[in-house]
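Colleague: I have a structure here, written as structure tokens, and I will follow up with some questions on it.
The values are calculated or read from the model by the stated rules, or taken from the named source; none is laboratory data. Just so it is clear, the model here is predicted, and its values are computed rather than measured. As a convention, Cβ positions derive from the backbone with ideal geometry for all residues, glycine included, and neighbour counts pool all protein chains shown.
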């Protein structure tokens, strides 16, 4: 065979491989999202207590209500005590038989000993940990031109990585002693692609994904999952209008929870999974172009909103 024939054959094999990969991913996740029987989470957790960070808004709050519906007692962790109390009261009003505890904790500018002193005792009973707290840039921009400068980049990395690392280290030993447990680390689809104009955010989520898979391999008896959503209607994503691709926290979480015990990595919702599978099959330069265009459009939306507020003032 000549050079061009070899190249053509190689391209053919690559195309077949890519097609099989896409079909497998779509088929497997379609089964998980639409047909698989949800796992008994209390059985997986070996406890009826769950802890959630960032529990007073967005995905974290929706996760709290979803777990309460499944009979879990909850430890809600967030920065503002008043919002924790409000969320607790709403949960207890809707789900009479559960217990809810709260821990007010600011994940910015904290030291490892702060985690040890605050969480070691309360989290001993926890069988399901949802590491959800996160931070993003005020707006999308080039890495060195963010409004908050180096301090903003540091905050994004600190809040998106360290809570999951430190809290996982606290709960893993008690989970191991009980013979099981569940840890879900809420990342982002951004960890799978180049993510310009939100560089520190993409970096932190990529690191979180590697961390999740590494501790999963170390702890085969514990169900450890990396959750990687696309756009959700939350303050962090700055997406306000739900549609097929942009899901509400409640809709997303109802779907995502069903994947626990089935998928080690999940996009949480079939719409996000479909987008990911299509994006992953594209050449990198096309991925880069699509992501760059999407994020720059968000930058323009922010600038327009900022100009509107300044005009009102």
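Colleague: Out of 224, 215, 260, 183, which single residue is in a loop (DSSP other than H, G, I, E, B) and either in contact with a strand residue (DSSP E or B) (Cβ under 9 Å, 6 or more places away or on another chain) or surrounded by 22 or more Cβ atoms within 10 Å (Cβ to Cβ) (or both)?
Modeller: 260
Colleague: Another question, then. Could you check, for the stretch 139-153, whether at least one of its residues is touching a helix residue (DSSP H, G or I) at 6+ places or on another chain (Cβ under 6 Å), buried (at least 23 other Cβ atoms within 10 Å of the Cβ) and at pLDDT below 95?
Modeller: Yes, the stretch 139-153 has at least one match.
Colleague: (1) over 23 Å from residue 153 (Cα atoms); (2) assigned to a helix (DSSP H, G or I); (3) out of contact with any helix residue (DSSP H, G or I) (no Cβ under 8 Å at 6 or more places or on another chain): which one isn't true of residue 96, the others all being true?
Modeller: Only one criterion in (1) over 23 Å from residue 153 (Cα atoms); (2) assigned to a helix (DSSP H, G or I); (3) out of contact with any helix residue (DSSP H, G or I) (no Cβ under 8 Å at 6 or more places or on another chain) is unmet by residue 96, namely (2).
Colleague: Working only within the stretch 11-51, note down all residues that are touching a residue at least 40 places away in the same chain (Cβ under 8 Å) and assigned to a loop (DSSP other than H, G, I, E, B).
Modeller: If the condition is that a residue be touching a residue at least 40 places away in the same chain (Cβ under 8 Å) and assigned to a loop (DSSP other than H, G, I, E, B), then 36, 38, 39, 46, 47, 48 are the ones that fit.
Colleague: Considering only residues that are surrounded by fewer than 12 Cβ atoms within 10 Å (Cβ to Cβ) and within 25 Å of residue 44 (Cβ to Cβ), which ones fall in the stretch 72-98?
Modeller: 94, 96, 97
Colleague: Is there any pair with a first residue in the stretch 267-296 that is on the phi > 0 side of the Ramachandran plot and in contact (Cβ under 8 Å) with a residue 40 or more places away in the chain and a second that is surrounded by 15 or more Cβ atoms within 10 Å (Cβ to Cβ) and not in a helix (DSSP H, G or I) whose Cβ atoms are under 7 Å apart and which are 6 or more apart or on different chains, and what are they?
Modeller: Filtered contacts from the stretch 267-296: 268/227; 268/229; 268/259.
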